[in-house]
Amino acid sequence: MLKINVMLKIFVVAVITVGAFLSANKLYAVPVGLYEVSDFSSYNRGLTLGSAVDAGDITTIGGFNALQLSGDNEYVKTVGGIAGFTYQSDWSWMTIIKSDQLANYRVFMRGKAWADRVGDFDLRVEPGEDTMYTWHRAPYWENSSATDSSINDTALVWLAGTYDYSEKKSTLYVNGSNVGEFSVFPMDDSINSNPVNINGQWAENAYGVGNIYGEGDFSIVQLILSKSLFSASDLQSAYQCGDYMQSDGNTWLDFRVESAAPVPEPATMFLLGSGLLGLVGFRRRLRRK
């Protein structure tokens with residue numbers, strides 16, 4: 001009898017643990033057809049997708065799942081802000097994209113139109129000029145730009161930026177190669193609650209602009225933000241291996257698209273439990289004989 005009670009307790013704990021694990025990991029994933037859009041960092045941040053995003057916007061490029069964004073109703077936005085991301089700290093971003101247009105566009109921006117705050121930053125790309133632009137509000141807007149022919153590749157491109165707090169230095173990378181270093185004043189974003197928006201600046205239909213301001217036409221594989229410095233060797237390795245930048249304890253956001261994993265239905269869990277209980281009962285009957 002004692003062994004049966006122990007087995008029952010183990011089963012109950014296992015079911016609760018598995019259920020909690022599945023719930024925690026699927027809590028904020030947004031389904032898009034047979035895929036899910038989610039934050040792979042430990043923060044598991046909630047994301048909002050534009051109303052026009054659908055299964056037809058997900059394609060496979062170079063072995064990656066990519067989300068194609070185009071126009072005012074196709075975007076990805078964090079539900080909340082990331083206050084304190086740049087405050088008295090090193091920080092980095094890296095994105096894997098494929099450009100589908102020749103005009104200037106924003107890949108992402110932390111900020112809100114007509115409600116800018118210290119600590120806002122963005123990445124803009126001008127493929128026709130093979131140029132990337134980054135802006136930092138610290139406390140006024142500061143621009144850094146770099147030119148590299150890979151920016152206009154028809155394949156994927158790995159773009160990155162790091163900020164060394166102690167040296168007050170911003171460095172830009174294309175496919176793991178250092179393409180420019182710039183002096184940027186530190187940004188105190190400790191009270192900045194602005195969201196991160198992929199495909200433009202969050203405008204919230206202000207002044208007739210629509211949901212986003214400065215939308216583009218491009219496919220994105222990953223956007224990762226880290227409260228540490230990405231090393232040149234790590235960035236080069238990610239590009240050469242054709243891989244994601246991997247999350248760690250310092251990652252504040254890791255946007256990706258993954259194939260939706262099947263989650264056991266409650267009925268399946270019940271059948272599993274019933275089967276285990278049946279085995280327990282069967283063993284009891286065998287022992288009585």
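All of the numbers you see were taken from the coordinates with simple rules; none came from a lab. Just so it is clear, the structure is predicted and the values come from calculations on it, not from any experiment. Cβ atoms come from the backbone with ideal geometry, glycine included; neighbour counts cover every protein chain shown.
Taking the Cα of D188, stepping 7 Å toward and past its beta carbon, and measuring to each backbone N in the range 75-93: which are under 19 Å?
Inside the label zone: 82-91.
Please state, as a whole number in µm²/s, the translational diffusion coefficient that the Stokes-Einstein equation yields for the range 32-258 at 25 °C and 0.890 mPa s, with Rh defined as the Kirkwood radius across alpha carbon pairs.
Answer, rounded: 142 µm²/s.
Pull up all non-local amide H partners of E142: gap of 5 or more, or a different chain, and H-to-H distance under 5 Å with H placed in the peptide plane.
Placed amide hydrogens put H136, R137 under 5 Å from E142.
Could you give me the ³J(HN,Hα) list for the range 134-143, computed from phi with Karplus coefficients 6.51, -1.76, 1.60 and θ = phi - 60°, whole Hz, x at Gly and Pro?
Result, rounded to whole Hz: 10, 10, 10, 9, 8, x, 9, 5, 10, 10.
Check which residues have an amide H placed less than 5 Å from F108's amide H, if you skip close sequence neighbours.
Long-range HN contacts for F108: L123, N199, G200.
Starting from the Cα-Cα distance between D153 and L34, subtract it from 0.36 nm times their residue separation and give me the gain in nm to one decimal.
40.0 nm
For the pair A232 and N143, how long in nm is the line joining their label points, each one 7 Å along Cα→Cβ?
2.7 nm
Would you pull out the residues with amide H under 5 Å of V179's amide H, same chain only if 5 or more places away, H placed 1.01 Å from N?
L172, Y173, V174
In whole Hz and in residue order, list the ³J(HN,Hα) couplings for the range 191-208 that follow from phi through the Karplus curve 6.51 cos²θ - 1.76 cosθ + 1.60, θ = phi - 60°; x for Gly and Pro.
10, 8, 9, 5, x, 9, 10, 9, 5, x, 9, 5, 10, 6, 6, 7, 6, x
Give the calculated FRET efficiency between N178 and A206 to the nearest 0.05, with a Förster radius of 51 Å applied to their Cβ-Cβ distance.
The value I calculate is 0.85.
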